[in-house]
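See structure below.
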Amino acid sequence: MSTVINAPLSAALPSEPPARITVGQYHAMLEAGVFAEDERVELLEGWLFHKMAKKATHTFSTRAMRKRLEKLLPPGWDVDSQEPITTLESEPEPDVSVVRAGARDNKKRHPKPKEVALLVEVSDSTLARDHGMKKRIYARARIPVYWIVNLVDNQIEIYTDPTGPTKRPDYRHKQIYKPGDSIPLVLDGKEMAKIDVNDILP
C-alpha cells in the first residue's frame, strides 16, 4: 500500500521531506501495482495527491461540460473526462479535456501538451489547488486554454496566453463569465461556438 495524502508528502514530514518522483517513476509504480485498485491519485509537480471525492454538483457540471463539448466540437477533436495528460513533471487528470483526435489511441502513452487544446477543472473543495498548482502546471506546459468551473463563486474563469516554463508560470489573460453569459469555445485560436454558463453551472 502506498502512502499518499491530500497534500504533498513534504507537508506531512517537514523535517525530512521525501524526494519528488518523476513521471517515469510514477509510471513504474503504476505498472508494479503499488497503488490499491480503489486508490485514485495524480502526480502534480512530483508529488502524489489523492483525488477528492465528488459532490453531486461537481458531477453535474463535469457531465454538462462534456456533453456540450461533444455536440460542438468539429472533426479532428475528442473530449475526455478525468483522463491523464502527461507533462514533463506531472500527470494531472483534468475533469474535462479536449485533445486532438487519435491522441488517446497510442497504447504506450497519454496525450502530450501539444495535443491538448483545452483543459477544464470543476472546482469546489479543490479550488485553491486549481487556482495554484494546476494552473501553474498547465501554464508551464503551454496548454493554450484553461477553464475553471468555479462552483464556490458561481462563475467560470477562462485563462489564456500561457507563459510557458518561466520562473513563475501563469496565464497572461483571465476572463470571468457569470450566469447569463456565453463563453466562446476557442480551438487553435479560432472561435468554434459559444457555451452558455447557465448550461454548465448547477
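A short reminder: the numbers here are calculations on the coordinates, not readings from a lab. Quick caveat: nothing in here was measured; it's all calculated off a predicted structure. Note that we place each Cβ from the backbone using ideal geometry, even for glycine, and neighbour counts take in every protein chain shown.
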When the chain is treated as a Gaussian network with springs between alpha carbons less than 10 Å apart, the largest mean-square fluctuation among D78, D124, D153 is found at D153
Return one number: the angle in degrees, 0 to 90 and rounded to the nearest 10, between the long axis of the Cα atoms of helix 56-72 and the longest principal axis of the Cα atoms of the chain. 60
Starting from the Cα of R168, step 7 Å along the direction of its Cβ; do the same at D105; then give the gap between the two resulting points in nm. 4.3
With label points built 7 Å along Cα→Cβ from the Cα atoms of D196 and K112, find their separation and express it in nm. 4.1
With springs only between Cα atoms under 10 Å, which of A101, A56, A64 fluctuates most in a Gaussian network model of the chain? A56
In whole percent, what relative contact order does the chain give with Cα contacts below 8 Å and a gap of six or more residues? 15
Going through the cross-link list K51/K167; K55/K107; K71/K134, which pairs have a Cα-Cα distance over 30 Å in this structure? K55/K107
If you build a Gaussian network model of the chain, linking Cα atoms that sit under 10 Å apart, which residue out of L30, L73, L127 swings the most? L30
Have a look at the DSSP beta bridges in the range 87-180 and tell me what percent are antiparallel, nearest 5. 75
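What fraction of the DSSP beta bridges in the chain is antiparallel, stated in percent and rounded to the nearest 5?
Numbers: 31 of 38 bridges.
Bridges in the chain that DSSP calls antiparallel: roughly 80 percent.
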May I ask for the distance between the Cα centers of the range 158-202 and the range 21-80, given as a whole number of Å? 20
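Holding the Cα-Cα limit at 27 Å, pick out from K67/K190; K135/K178; K108/K190 the pairs that are longer than that. Present the calculation step by step, with values, prior to reporting the outcome.
Numbers: K67/K190 20 Å; K135/K178 20 Å; K108/K190 31 Å.
Where the Cα-Cα span goes over 27 Å, the pairs concerned are K108/K190.
Name the shape class, rounded, prolate or oblate, that the alpha-carbon gyration tensor gives for the range 57-119, where a ≥ b ≥ c are the square roots of its eigenvalues, rounded holds for a/c under 1.5, and otherwise prolate holds if a/b is larger than b/c and oblate otherwise.
On the way: a/c = 2.27, a/b = 1.31, b/c = 1.74.
It comes out oblate by the Cα gyration axes.
Nearest 0.05, what FRET efficiency do N154 and E70 give at R0 = 22 Å with Cβ-Cβ as r? Could the numbers behind the result be given before it?
On the way: r = 24 Å, r/R0 = 1.10.
According to the calculation, E is roughly 0.35.
Determine the equivalent ellipsoid of the chain by diagonalising the alpha-carbon gyration tensor, then write out the semi-axes as square roots of 5 times the eigenvalues, largest first, rounded to whole Å. Let's see the in-between values first.
Details: eigenvalues 155, 70, 57 Å².
Semi-axes (√(5λ), whole Å): 28, 19, 17.
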Here FRET efficiency (C-beta to C-beta, A53 to A128, R₀ 22 Å, nearest 0.05) is 0.85
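Given the Cα-Cα distance of D188 and S81 and 0.36 nm per residue of separation, how much length would full extension add, in nm?
Details: separation 107, 0.36 × 107 = 38.52 nm, distance 2.02 nm.
Gain in length upon complete extension: 36.5 nm.
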